[in-house]
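The values are calculated or read from the model by the stated rules, or taken from the named source; none is laboratory data. If you're wondering where the values come from, they're calculated on a predicted model, not measured in any experiment. Please note: Cβ atoms are built from the backbone with ideal geometry, for glycine as well, and neighbour counts cover all protein chains shown.
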Amino acid sequence: MTSELNDDNSEFYFAENENTILGYLKLNFSKVQTEIKDENSLEIERIYILKEFQGKKFGQILFDKVIELAKAKKKKFIWLGVWGENRKAINFYQKNGFVEFGKHIFKLGNDEQTDLLMKFNL
């Protein structure tokens with residue numbers, strides 16, 4: 001975690017409410033992106049909200065921050081990978097204009113999982 005926090009090509013943002021951290025996001029730029037290594041893109045590697053705070057617009061606030069940052073950094077698109085079984089997250093991203101453009105397999109222990117790759121053009 002320390003190396004991620006110290007990497008100049010990654011940024012972390014935290015959602016806080018009444019002095020409680022309830023979620024965070026991790027963005028990757030340039031060479032630290034996990035799939036696409038395009039200078040014109042920004043990757044949302046993680047966007048997490050604690051279960052008890054989901055559905056209360058905190059995820060939307062973090063997402064809106066991503067759009068603001070991507071525009072300020074003059075990126076052409078934002079992309080992410082989302083577990084194919086996470087319908088709630090997929091619906092959230094689709095509602096915000098993301099479209100699927102591919103898939104990749106990742107291993108969770110010995111179990112193969114499928115991530116959908118989704119993209120948002122700015």
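Just the residues that are aliphatic (A, V, I, L, M), within 21 Å of residue 106 (Cα to Cα) and modelled with pLDDT of 90 or more, please, taken from the stretch 31-52.
Taking the stretch 31-52 first, the residues aliphatic (A, V, I, L, M) are 32, 36, 42, 44, 47, 49-50.
Now restrict to residues that are within 21 Å of residue 106 (Cα to Cα): 32, 36, 42, 44, 47.
Those that are aliphatic (A, V, I, L, M), within 21 Å of residue 106 (Cα to Cα) and modelled with pLDDT of 90 or more: 42, 44, 47.
Among (1) touching a helix residue (DSSP H, G or I) at 6+ places or on another chain (Cβ under 8 Å); (2) closer than 24 Å to residue 90 by Cβ, where does residue 39 come up short?
If we test residue 39 against (1) touching a helix residue (DSSP H, G or I) at 6+ places or on another chain (Cβ under 8 Å); (2) closer than 24 Å to residue 90 by Cβ, just (2) comes out false.
When you scan the stretch 93-104, do you find a residue that is polar (S, T, N, Q) and surrounded by fewer than 16 Cβ atoms within 10 Å (Cβ to Cβ), even just one? Full working, then the answer.
First pass over the stretch 93-104, keeping only residues polar (S, T, N, Q): 94, 96.
Then keep just the ones that are surrounded by fewer than 16 Cβ atoms within 10 Å (Cβ to Cβ); that gives 94.
Within the stretch 93-104, one or more residues are polar (S, T, N, Q) and surrounded by fewer than 16 Cβ atoms within 10 Å (Cβ to Cβ).
Quickly run through the stretch 97-106 and pick out the residues that are under 18 Å from residue 25 (Cα atoms) and either at pLDDT below 95 or of a type in the set (Lys, Arg) (or both).
First pass over the stretch 97-106, keeping only residues under 18 Å from residue 25 (Cα atoms): 98.
Within the stretch 97-106, no residue meets the criteria.
Collect the residues in the stretch 7-22 that are more than 12 Å from the chain's Cα centre (by Cα) and closer than 14 Å to residue 65 by Cα, keeping them in residue-number order. Step through it out loud before you land on a result.
Here is the first cut: in the stretch 7-22, the ones more than 12 Å from the chain's Cα centre (by Cα) are 7-9, 14-22.
Selection gives 14, 15, 16.
Out of the residues in the stretch 60-91 meeting the condition of being in contact (Cβ under 8 Å) with a residue 40 or more places away in the chain and among the charged types (D, E, K, R), tell me which one is nearest to residue 24 (Cα to Cα).
Filtering the stretch 60-91 for residues that are in contact (Cβ under 8 Å) with a residue 40 or more places away in the chain and among the charged types (D, E, K, R), the one nearest to residue 24 (Cα to Cα) comes out as 65.
Residues 28, 9: which one is farther than 25 Å from residue 108 by Cα, out of contact with any Leu (no Cβ under 7 Å at 6 or more places or on another chain) and in contact (Cβ under 8 Å) with a residue 12 or more places away in the chain? Talk me through it step by step, then tell me what you get.
Working: 28 fails: farther than 25 Å from residue 108 by Cα.
Just a single option satisfies the conditions, and that option is 9.
Among 2, 34, 20, which is in contact with a Gly (Cβ under 8 Å, 6 or more places away or on another chain) and surrounded by fewer than 18 Cβ atoms within 10 Å (Cβ to Cβ)? Full working, then the answer.
Details: 2 fails: in contact with a Gly (Cβ under 8 Å, 6 or more places away or on another chain); 20 fails: in contact with a Gly (Cβ under 8 Å, 6 or more places away or on another chain).
That would be 34, the only listed residue that is in contact with a Gly (Cβ under 8 Å, 6 or more places away or on another chain) and surrounded by fewer than 18 Cβ atoms within 10 Å (Cβ to Cβ).
Can you name the strands (runs of 3 or more DSSP E) wholly within the stretch 19-122 that have at least 3 residues being touching a Phe, Trp or Tyr at 6+ places or on another chain (Cβ under 7 Å)? Let's see the steps before the verdict.
Numbers: elements: 20-29, 41-49, 77-83, 99-108, 111-121.
Result: 20-29, 41-49, 77-83, 111-121.
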